[in-house]
Amino acid sequence: MEIMKKYNLQIALHNANKERALIYLDIFREIRKRHGEEEAVSILRNSLEKRGRQFGSTLKQYAPRDFRALCDAFAYAPDGGDMFQPIVLHCDESSLELKMKKCPLKEAWVEAGISDREISLLLQCASAMDVGTMDEAGFNLDIQTSKPGTTGCCYLKITAKTIET
């Protein structure tokens, strides 16, 4: 019975994230219709970056260089890695590099039949959440969103934040 509950919760979590993707799509399209594409991208990115900062505040304890603990707390959230299936390409005291094999957001947009161009724009917007998360946590982030025709999803390189003087 316990295994069935976990399985059902996993499906529910995955479906909730797909639903989140469709909400992003509806919001993006409505803003674009009223204010143009550039403004739609700007508004959605800014909003998602702010949301990411909320999660980032819980990760500050790993700055500046505890990349193994950051990997466990970030890459495998919220379900032990099942939803995004991260591949750890590199993890040491200098950086953490990840490739996400799956993404429920991208999956939902592909299933909705939207264009590759629109998927690329939405992934660019959604990546702002990770930007906000890492900035708030005290890390630099280089993120490359998925390109049309590629397998998996985003590539992330996380490094210690440089101190500006």
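The values are calculated or read from the model by the stated rules, or taken from the named source; none is laboratory data. All values reported here derive from a predicted model rather than from experimental measurement. For neighbour counting, all protein chains shown are included, and Cβ atoms are generated from backbone atoms with ideal geometry for every residue, glycine included. Note: areas computed on protein heavy atoms with side chains; ligands, DNA, RNA excluded. Shrake-Rupley method; radii C 1.70, N 1.55, O 1.52, S 1.80 Å.
Hey, any hits in segment 136-158 for a residue that's in a helix (DSSP H, G or I), surrounded by 22 or more Cβ atoms within 10 Å (Cβ to Cβ), touching a strand residue (DSSP E or B) at 6+ places or on another chain (Cβ under 8 Å) and not β-branched (Val, Ile, Thr)? Let's see the steps before the verdict.
Restricting attention to segment 136-158, the residues satisfying the condition of being in a helix (DSSP H, G or I) are 136-137.
If we keep only those that are surrounded by 22 or more Cβ atoms within 10 Å (Cβ to Cβ) too, we end up with 137.
Checking which are touching a strand residue (DSSP E or B) at 6+ places or on another chain (Cβ under 8 Å) leaves us with none.
No, every residue in segment 136-158 fails to be in a helix (DSSP H, G or I), surrounded by 22 or more Cβ atoms within 10 Å (Cβ to Cβ), touching a strand residue (DSSP E or B) at 6+ places or on another chain (Cβ under 8 Å) and not β-branched (Val, Ile, Thr).
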Within segment 58-78, residues surrounded by 14 or more Cβ atoms within 10 Å (Cβ to Cβ) and either within 17 Å of the chain's Cα centre (by Cα) or within 22 Å of Asn15 (Cα to Cα) (or both) come out as Thr58, Leu59, Leu70, Cys71, Asp72, Ala73, Phe74, Ala75, Tyr76, Ala77
Taking segment 8-63 and keeping only residues that are basic (Lys, Arg) and over 19 Å from Asp135 (Cβ atoms), one is left with Lys18, Arg20, Arg29, Arg32, Lys33, Arg34
Among (1) under 19 Å from Ala137 (Cβ atoms); (2) open to solvent by 70 Å² or more (accessible area, probe 1.4 Å); (3) of a type in the set (D, E, K, R), there is one condition Glu39 misses while meeting the rest; what is its number? (1)
Please go through (1) under 14 Å from the mean Cα position of the chain (by Cα); (2) modelled with pLDDT of 95 or more; (3) open to solvent by less than 70 Å² (accessible area, probe 1.4 Å); (4) not β-branched (Val, Ile, Thr) for Gly81 and return the number of the only condition it doesn't satisfy. (2)
Within segment 111-123, identify whether any single residue is among the acidic types (Asp, Glu) and either within 17 Å of Arg20 (Cα to Cα) or in contact with a strand residue (DSSP E or B) (Cβ under 7 Å, 6 or more places away or on another chain) (or both), and answer yes or no. yes
Residue by residue through segment 85-111, note down the ones that are touching a Leu at 6+ places or on another chain (Cβ under 9 Å) and part of a loop (DSSP other than H, G, I, E, B). Cys103
Scanning for something at pLDDT 95 or above, in a helix (DSSP H, G or I) and over 22 Å from Gly152 (Cα atoms), does segment 19-27 turn up at least one residue? yes
Qualifying positions in segment 84-117 - among the polar types (S, T, N, Q) and open to solvent by 30 Å² or more (accessible area, probe 1.4 Å): Gln85, Ser94, Ser115
Checked segment 39-72 for anything without any contact (Cβ under 8 Å) to a residue 12 or more places away in the chain and closer than 20 Å to Asp92 by Cβ; matches are Gln61, Asp66, Ala69, Asp72
Please name all residue pairs, on different chains or six or more residues apart, with Cβ atoms under 9 Å, provided the first residue is in segment 109-131 and is closer than 14 Å to Gly149 by Cβ and the second residue is open to solvent by 40 Å² or more (accessible area, probe 1.4 Å) and in a helix (DSSP H, G or I). Ile119/Val110
Quick one: which residue in Ala128, Ala73 is under 29 Å from Ala40 (Cα atoms) and assigned to a helix (DSSP H, G or I)? Ala128
